[in-house]
Amino acid sequence: MNAIDKLIQHITQTRYQDLPDSTLSAVKTFVLDSVGVGLSGSRVPYVKQVKQAASEWGADQQAQVWTSGEWVSASTAAFINGYQIHNQEWDCVHEPAVVHPMAVILSALVAYAQKYNLSGKQVMLGVAVAVDVATLIGESATSGLKFFRPSICGCLGATAGMCAMQTFSAAKTANALGIAYSQISGTMQAHVEGSPMLALQIGLNAQAAIRAIDLAEAGFDGPKDILEGPYGYFANFEDSYDINILTTKLGKGYQIEQVSHKPFPTGRAGHGTADGLLILQNTHGFKAQDVAIIKVRATPLINRLVGRPVKDDMDVSYAKLCNGYIAATALLTGNVTVEDFDLACLQDPERLALARKVSTELNGCCDPNALAPVNVTVELYNSQTLQIDLPAVLGNPLRPMSREAQLEKFRAACRSAVVPFSAPRIDKLIKSIDELEQIQNINQLVELMVNDPQRPN
């Protein structure tokens, strides 16, 4: 049995009752996290243009846009909500795969569930299966990112999750995955340039996943050997791979339990810098103005993704992927928040001057997909040198965020939405997600994710 057949077997045979308590808990944890960052993503100005473009695609009333509540087609809701989840770089990541699994997956699954009035249990099953598919395909790559793996693998995962939610047959699942594969897209050029198109690639692939399901339901056939075929995923999108990673790990534990939180709204590659600096500052009590030089020694992927120079005219998308700006923000404010990427902060001379004291260099790691270890060294003007080694970065399963920290992030995210959520509404959302398996119709949850200031909480 080849890899795609094993995946299809996993998708079609896994049932909600098969999921262990630890997996169900992890699903709720990252649904909460992804809902929060998706609501916060409504604050990004580009959302207006995204909605304007999407308004030309029809007026079906199948699912809703998070925060604002417009009724649109399921594929359009997935498109907009997927963009909102990823547009501030605050969504969770599976580090070994270098895949942000929940952005494409949750936006697609919730929109699809709204269309068909599916239950919380069905969504939870879909998430667990979808994350397995997206991350195990991504983790099987042994070469560095060439295409935007979060959107591409996310589309395949989301398609798998919807097939599981509706208990599709193996034949229909194979067609749906083949149709999804025929649409997957995402370029790292957007990342290199700091283009806002990076996050929109998430939305486009969430939309593609729903269209793949619609076509499979209509009886359309897709290509079948989409992983190891001569023009399958690994031949087209990766330079090298080890399929044994997928086949060995599949069914041996659910990958949602291996996902990392992102405490800061930046590229995960910059988290080690912020984490290390904040630990050093809290331990030794120095101030930003005491700093002469900051050296970050990190993996090839970190250097590649965030080792870019500071610029006076940085766009927000560029700054979120700039190690110097991330470092300066952490030292000056004691944190990194979504508000730190507003225009006034991006143009702050003190912050830019401090950012230029940061250099990012290669360490001895040879893994092109590793996001740790990280070493941070701070040289102070008093000639004191401080350093820290981080084998795992805050948010990783080896250094998890506490439940209190997770809730603090969620509350901050909800308060930062384009229309801030009230404390009572936030509490209701937390309770609803904590009891997700009891929801009979996912619209009950989405209703709480729509913030109408005229409606009582």
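Determine the equivalent ellipsoid of the chain by diagonalising the alpha-carbon gyration tensor, then write out the semi-axes as square roots of 5 times the eigenvalues, largest first, rounded to whole Å.
35, 25, 19
Carbon and sulfur: what percent of region 33-91's accessible surface (1.4 Å probe)?
49 percent
Let me know the charge dipole size of region 345-457 about its Cα centre in debye, to the nearest 20, where only the beta-carbon of Lys, Arg (+1) and Asp, Glu (-1) is charged.
So the magnitude is around 300 debye.
DSSP loop trypsin sites (Lys or Arg not before Pro) in region 216-281 with at most 14 other Cβ atoms within 10 Å of their Cβ, which ones?
In loop regions of region 216-281 (DSSP not H, G, I, E or B), the sparsely surrounded trypsin sites (Lys or Arg not before Pro) are K252.
Of all DSSP beta bridges in the chain, what percent run antiparallel (nearest 5)?
Bridges in the chain that DSSP calls antiparallel: roughly 75 percent.
Among the trypsin sites (Lys or Arg not before Pro) in region 328-433, which ones are in a DSSP loop with at most 14 other Cβ atoms within 10 Å of the Cβ? Mind listing them?
R356
Can you tell me the Rg and the Dmax, both Å, for the Cα atoms in region 304-457?
19.9, 63
Region 262-280 to region 401-442: how many Å between their Cα centroids?
Taking the Cα centre of each part, region 262-280 and region 401-442 sit 23 Å apart.
Name the helices (complete DSSP H segments) of the chain with a Cα length along the long axis of 27 Å or more and a Kyte-Doolittle mean of at least 0.5, or state none.
The qualifying helices are 21-40, 120-139, 197-217.
In 5 Å bins starting at zero, report the fraction of Cα pairs in region 277-353 per bin as a rounded %.
3, 15, 28, 24, 20, 10, 1
DSSP loop (so not H, G, I, E, B), at most 12 other Cβ within 10 Å: list which chymotrypsin sites (Phe, Trp or Tyr not before Pro) in region 377-433 pass both filters.
Passing sites in region 377-433 are Y381.
Taking every Cα atom in region 120-202, find the radius of gyration and the maximum pairwise distance Dmax, and write them in Å.
Just the Cα atoms of region 120-202 yield Rg and Dmax of 13.8, 42 Å.
When the dipole is taken about the Cα centre of the chain, and only Lys, Arg (+1) and Asp, Glu (-1) are charged at their Cβ, what size is it in debye, to the nearest 20?
340 debye
In whole angstrom, and with the biggest value first, how far do the Cα coordinates of region 133-259 range along each principal axis?
In descending order, the Cα extents are 40, 32, 32 Å.
Any idea what diffusion coefficient region 17-64 gets from Stokes-Einstein, in µm²/s, Kirkwood Rh on alpha carbon pairs, 4 °C, 1.567 mPa s?
It diffuses with D of about 95 µm²/s by this estimate.
Can you send over the carbon and sulfur percentage of the accessible area for region 193-254, probe radius 1.4 Å, protein chains only?
Looking at region 193-254 in its full context, I get 54 percent from C and S.
In deg cm²/dmol, rounded to 500, what helix-only [θ] at 222 nm does the chain give when every DSSP H run of at least 4 residues adds -39500 (n - 2.57) and the total is split over its residues?
-15500 deg cm²/dmol
For region 144-188, which whole percent of the accessible surface, found with a 1.4 angstrom probe, sits on carbon and sulfur atoms?
58 percent
Using alpha carbon coordinates only, what is the Rg to Rh ratio of region 80-120, with Rh defined as the Kirkwood radius?
1.05
State the answer as a single residue: which of I245, H271, N282 lies farthest towards the positive end of the charge dipole of region 233-331, with beta carbon charges of +1 for Lys and Arg and -1 for Asp and Glu, about the Cα centre.
Farthest towards the positive end: N282.
May I have the convex hull volume per residue, in Å³, for the Cα set of region 26-178?
In region 26-178, the Cα hull volume divided by residue count equals 117 Å³.
Over the chain, what is the mean sequence separation of C-alpha contacts under 8 Å (at least six apart), divided by residue count, expressed as relative contact order in percent?
20 percent
How many Å² of accessible area per residue for the chain, probe 1.4 Å?
Value returned for the chain: 37 Å² of accessible area per residue.
For K252, go through the lysines and keep the ones whose alpha-carbon is under 30 Å away, minus same-chain ones fewer than eight residues off.
In chain and number order, the partners are K6, K28, K121, K146, K172, K224, K262.
Can you find, among M401, M102, S169, the residue farthest towards the positive end of the dipole of the chain? Put +1 on the C-beta of Lys and Arg, -1 on that of Asp and Glu.
Working it through, the farthest residue towards the positive pole turns out to be M401.
Can you tell me the relative contact order of region 257-391? Whole percent, Cα pairs under 8 Å, sequence separation 6 or more.
Once divided by the residue count of region 257-391, the mean separation gives 37 percent.
With a cut-off of 8 Å between alpha carbons and a minimum separation of six or more residues, what is the relative contact order of region 70-152 in percent?
Over region 70-152, the number comes to 34 percent.
The values are calculated or read from the model by the stated rules, or taken from the named source; none is laboratory data. The structure displayed is predicted, hence computed values, not measured ones. Neighbour counts run over all protein chains shown; Cβ positions are idealised from the backbone, glycine included. These area figures cover heavy atoms from the full protein model, side chains too; ligands, DNA and RNA do not enter into them. Shrake-Rupley method; radii C 1.70, N 1.55, O 1.52, S 1.80 Å.
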